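Where a number appears in this text, it was derived from the coordinates with a stated rule and is not lab data. In this text the structure is predicted, and so the values were computed from the model without any measurement. So basically every Cβ, Gly included, is an ideal-geometry build from the backbone, and we count neighbours across all protein chains shown.
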Amino acid sequence: MAARAAARCCCLALLALAAILPVQGIERIQLSIGDIRAPGLSVQGVELQFAAGSKGPELRIAHLALGERAWRGLHLSCPEADAAFPEIRCRGGEIRVGAKRLPLNIDFRFDPLTSAFDAVLRLSSGSTVDIHHDGGNLVEAALTRFEIGELSGDLAGFAAQVSPALAAELAQHAAKGTVDARLAWQQAGDADPHEKLQLQARLSGGSFSSPDGLQAAEGLALSLDLTARALAAGWDWQGRLAWEGGEAYLHPLYLQSGPVLQAEGRLNDDELVLRMATLELEGVDQFALTARIAREPPSLQDLTLSLAGGDLAILGPHWITPALAPALADRLRFAGHAGAGAEIRNGQLFSLDLVFDGAGLSLAGVDEGGEVRGRGLAFGPLSGHLPWSATAPTRASLQLEGGHWEALSLGAFDVDALLDGGQVAFGQIRIPLLDGALVLDGLALEHGAEGWRGQGGVVVEPLSMALLTQALGWPSMSGILSASMPGMRVSTGEISLDGALVVSVFDGYLQATGLRVSEPFGVASNLRADIEARHLDLAQLTDTFSFGSISGYVDADVKGLELAGWRPVAFDLRLASSPGSYRRRISQRAVQNIGALGGGGAIAALQRGVLSVFDTFGYRELGFHCVLANGICEMSGIAGRERPDGGFPIVRGGGIPALDVIGYNRRVDWQELVDRIQRVIENNVAPELH
Amino acid sequence: MRWLTAGLLSWMMAFAVQAQGNLEIDTPAISALKASMKQRHAQLRPLYVSGAIGLAADGSVALRDASAVPLAQRGSVNALVAAENADRSALYREVARANQHPEWEADVRSTFAQRWIDRAPAGWWVQRGGTWVKK
């Protein structure tokens with residue numbers, strides 16, 4: 001408090017004046033001035049000497065303190081001076097600190113009777129500092145075209161003495177720019193018992209860069225208006241800082257000029273307080289904050305922030321994606337509006353509130369080469385409240401009006417979750433999908449050093465295959481798909497599902513177990529599963545895929561199925577006629593198609609004549625085995641029926657007329673096979689027989 | 001003594017198994033990741049050459065001297081580096097998975113890191129012993 005009292009009471013006391021003042025001029029002046037004290041400034045032991053006939057007036061300051069830095073033995077001498085009552089004038093004065101000369105010249109005029117004082121400091125760069133003291137309570141200063149680079153150049157030594165930390169920062173960040181400023185300092189007086197400061201400053205052509213280039217700006221133009229009044233508790237201030245030009249990269253954010261900060265607060269020896277500040281920012285209707293910043297060492301203690309009417313289409317790419325998911329910059333899209341509130345207490349995040357209003361979020365799909373493609377995943381419009389607190393669990397409630405996953409539309413659903421520190425426990429989430437639903441039960445996630453991990457259960461409420469195949473653009477199938485997978489585990493890069501997904505289709509069923517999804521959102525998205533299919537009606541199946549006609553039933557086991565980008569890349573498929581007694585016929589067209597798929601020489605040459613005579617044939621059993629790996633399908637036919645000539649029967653004839661389909665190509669390029677199947681299905685063209 | 005021998009043996013066997021991990025293993029996911037990384041490499045190469053980015057000791061790519069890139073492009077370079085690192089992390093996980101040992105991820109990562117650094121052309125920046133050096 002003593003220091004503040006001294007600061008408020010800046011006293012310029014004339015302790016002694018000894019002068020002989022003949023009418024013609026001043027022969028000798030000796031002034032001893034007492035202490036000058038202002039915030040961050042202390043001047044002690046000031047002596048001014050002037051003697052006629054000597055080189056000029058000389059000013060000595062025994063002790064000068066600026067902030068925490070202090071100098072002893074300041075000495076000003078004037079090579080050109082005159083003294084005509086009542087003034088002392090100096091031109092081209094030089095200032096030395098000890099033996100070292102500062103790189104500037106000073107002109108000044110001083111009236112010892114009124115203490116009025118004018119000075120112009122000229123730096124070698126051409127910039128000037130004009131100081132005017134009216135002898136009363138007002139000191140005015142103007143800084144013209146001051147180059148910040150000087151503080152790392154000619155004035156480096158001086159800057160290092162004023163603030164070693166600041167000087168080091170300026171030099172390390174190669175700070176440059178031109179500053180013009182006007183300062184008016186009204187000391188306390190009878191008219192106003194409070195000291196006042198008024199500052200207008202403008203930076204142009206500003207730039208800086210940290211050595212790694214992660215904190216940098218170019219072409220900066222800033223303007224600052226600041227007024228301050230000294231009160232018992234410190235300086236009350238208010239100001240406006242406008243970023244008028246230039247660009248900055250403050251890792252990971254790229255920012256451009258436009259923001260304007262208006263703020264008011266208090267500054268004292270201990271802290272800087274922003275009582276209320278508003279920030280004009282593109283994409284935000286209102287942005288307000290308060291803060292408390294400790295001065296030694298500088299650290300953010302408390303902060304409250306509130307943002308209203310945030311346009312996510314603007315804030316998303318500029319702020320959210322770079323900060324939270326830079327890897328998805330090309331694929332993430334935002335829409336709608338959001339508000340936010342945050343509180344930091346004692347340097348720690350204390351609470352965070354997010355409010356969404358018709359917000360939308362989408363993640364575009366990506367193809368195997370990493371190119372953005374497909375509809376991907378999207379949610380929204382999304383509304384609701386997501387609060388988080390460091391000290392107590394909070395409940396988030398979001399309402400989503402829909403979304404889509406690739407070609408599948410998602411219906412409206414709610415998300416309720418309990419947030420506790422880094423843990424999220426979701427209530428049941430039921431996402432309508434076609435005429436069924438995807439239900440996430442008891443999903444709990446925890447955020448740790450390696451990302452999110454957790455567990456829960458997944459249920460797919462029955463949905464019709466007719467609608468699903470229609471939505472996916474597949475050949476129409478009837479049946480029902482449902483799933484119960486109570487053991488879902490989520491870890492970085494992988495989701496595994498214990499339980500079964502069951503599709504009742506073609507009068508039989510298909511069951512997928514051991515489902516694992518790896519890297520779900522990247523180029524390496526990959527699904528693994530084992531599939532067991534039983535009693536599939538071949539008549540329906542072949543009809544669906546326009547593959548000719550086969551009556552009968554088939555069982556299939558697919559071990560180690562792996563889909564990359566929804567295309568099978570590995571499996572061990574074994575297909576065989578279902579046991580039991582039922583009609584087994586195969587059409588001429590189906591025989592031709594199977595033969596074509598088997599590659600050249602698939603049908604015994606002797607039987608080709610028979611093929612053209614009859615429309616359908618009886619068969620005893622079907623069998624097919626394909627192990628897909630590295631793009632090659634290693635084929636074999638009905639188990640245990642290998643032929644001595646190396647052929648493998650796929651269809652074993654029976655009844656009248658009977659016909660065998662025998663494969664000879666054991667290694668078939670999978671892509672070629674898929675292309676052939678597609679041609680057969682799409683063109684419905686009879687394949688060429690060899 | 002017997003337990004010590006048994007412990008030592010099992011440790012040596014574990015080490016032998018670990019050492020036998022196949023880094024060249026190829027799966028469709030690994031191929032997709034490599035294709036994606038190869039495609040991105042055309043954009044990354046000039047950044048390696050200029051020293052804007054370098055190969056870090058942890059198997060990632062680091063933005064080590066952003067000042068080599070115009071200010072307005074630093075954000076997109078950071079996004080490019082993040083995308084590359086997402087692919088690299090997925091690659092390490094996938095190689096470990098393909099070896100039937102997901103827990104090897106950290107070893108796969110450090111082995112790949114050393115390999116990237118060893119194979120980097122002269123003039124690129126690599127991280128060795130915590131400091132950046134130009135090869």
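Basic side chains Lys and Arg get +1 at the Cβ, acidic Asp and Glu get -1 at the Cβ, and with that the dipole of chain A about its Cα centre reaches some 1080 debye. The mean sequence distance of close C-alpha pairs (under 8 Å, at least 6 residues apart), as a share of the length of segment A:124-235, puts its relative contact order at 21 percent.
The helix-based estimate of mean residue ellipticity at 222 nm for chain A, built from -39,500 (n - 2.57) per DSSP H run of four or more residues and divided by its residue count, is -3000 deg cm²/dmol to the nearest 500. Distance from the C-alpha centroid of segment A:67-98 to that of segment A:227-245: 32 Å, rounded to the whole angstrom. Taking 7 Å steps out from each Cα toward its Cβ at A:E450 and A:D555 produces label points 3.9 nm apart. Between A:N268, A:T469, A:I429, the Cα set farthest toward the positive side of the dipole of the protein assembly as shown (charges on each charged residue's Cβ, about the Cα centre) is that of A:T469. Toward the positive end of the charge dipole of segment A:506-683, with +1 on the Cβ of Lys and Arg and -1 on the Cβ of Asp and Glu, the farthest Cα among A:P657, A:G647, A:V680 is that of A:P657. Think of chain A as a dipole: +1 on every Lys or Arg Cβ, -1 on every Asp or Glu Cβ, centred on the Cα centre; then among A:F334, A:I480, A:F287, A:I480 lies furthest on the positive end. Packing order of peptides A:439-451, A:353-365, highest average first: A:353-365, A:439-451 (average count of other Cβ atoms within 10 Å over each peptide's residues).
With a 10 Å cut-off around each Cβ of A:245-253, the average count of Cβ atoms from other chains is 4.
In this label model, B:H101 and A:Q172 are separated by 4.3 nm, measuring between points 7 Å along each Cα→Cβ vector. In the frame of its principal axes, chain A has Cα extents of 147, 47, 33 Å, reported largest first. Between the alpha-carbon centres of segment A:310-324 and segment A:627-681 there is a gap of 55 Å. Segment A:157-197 and segment A:403-427 have Cα centres separated by 53 Å.
Taking every alpha-carbon pair under 8 Å whose residues sit at least 6 apart, chain B reaches a relative contact order of 27 percent.
In Å, the Kirkwood hydrodynamic radius of segment A:83-221 over pairs of distinct alpha carbons? That comes to 17.0 Å for segment A:83-221.
For the peptide A:332-339, the mean number of other protein chain Cβ atoms found within 10 angstrom of a residue's Cβ is 0. Projected label points at A:E672 and A:Q286, each 7 Å from Cα along the beta carbon direction, are separated by 7.1 nanometres. Straight-line cross-link partners of B:K135 among the lysines, defined as a Cα under 25 Å from its Cα and at least 8 positions apart when in the same chain: B:K34, B:K38. Within 10 Å of the Cβ of each residue in A:179-186, the mean number of Cβ atoms contributed by other protein chains is 0. Semi-axes of the equivalent ellipsoid for chain B, computed as √(5λ) from the eigenvalues of its C-alpha gyration tensor and ordered from largest down, come to 34, 18, 11 Å.
With contributions of -39500 (n - 2.57) from each DSSP H run of at least four residues, the per-residue ellipticity at 222 nm computed over chain B stands at -20500 deg cm²/dmol.
Over chain A, Cα pairs under 8 Å with separation of 6+ residues give a relative contact order of 4 percent. For segment B:25-134, a crude dipole built from +1 on the beta carbon of Lys and Arg and -1 on the beta carbon of Asp and Glu, taken about the Cα centre, is about 340 debye to the nearest 20.
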